[in-house]
Amino acid sequence: MLDKKVAELLNAQINKEFYSAYLYLDFSNFYYDHGLDGFGNWYKVQTQEERDHALLFIQYLQNNGEKITLEAVDKPGIALVNTKDPLVEGLKHEQYVTSLIHTIYEAAHLAKDFRTMQFLDWFVKEQGEEETNAEGLIKKYELFGDDPKSLYMLDSELGSRVYSAPSLVL
Ligand code: FEO
């Protein structure tokens, strides 16, 4: 059994990860609607990664004999107007998720729950990568987004992203 507070936070994180998946699916659909299929693909792969994150939290809780409580997933609530919006909102969202992971880590540390801290290490690293990716996308868009030919090439580059299963195995 895990510390009660830690288990609650881990359970709540399942919902946050599914919300992330839903939010990025909304971003993906927005880009397909705007003819930027490569950006749409990039966020579709991101959606799959977020679903995987949720499943990893479920697996970890189950491995520790905890009961899972699934809550309703909120509707993606971010208004998207121009094609830079998802990139900016995506970075903000990842920074928020990083803060959530850090909060769980803090609770695990307080409870001397070293097993959960070790589990979360992967997510701490993953969040670093996700923030870097989100910042990189904004930089590229700012450099190339105004020139149709460059935007076409950037879209093609993002279209080549393929899904791969998470490196964390529980
Ligand atoms: Fe599950 Fe993008 O963090």
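From zero up to wherever the largest Cα-Cα distance of segment 3-119 sits, split into 10 Å bins and tell me the percent of pairs in each.
14, 41, 28, 15, 3, 0
What does the extension gain come out to for ILE78 and TYR96, with contour length at 0.36 nm per residue minus their alpha carbon separation? Each step should come with its number before you reach the end.
Values: separation 18, 0.36 × 18 = 6.48 nm, distance 1.43 nm.
Extending this stretch completely gives an extra 5.1 nm.
Could you tally the net charge around LEU158, taking each other residue with its Cβ under 12 Å from the Cβ of LEU158, Lys/Arg +1 and Asp/Glu -1?
On the way: positive: LYS44, LYS140, ARG161; negative: ASP37, ASP155, GLU157.
Net local charge, LEU158 excluded: 0.
If you stretched the chain out fully between ASP85 and LEU170, how much longer would it get, using 0.36 nm times the residue separation minus the C-alpha to C-alpha distance?
Taking 0.36 nm per residue and subtracting the Cα distance, the gain is 27.1 nm.
Every number in this text was worked out from the coordinates using simple rules, so none of it is lab data. The shown structure was predicted, so the numbers you read here are calculated from the model rather than taken from an experiment. Please note: Cβ atoms are built from the backbone with ideal geometry, for glycine as well, and neighbour counts cover all protein chains shown.
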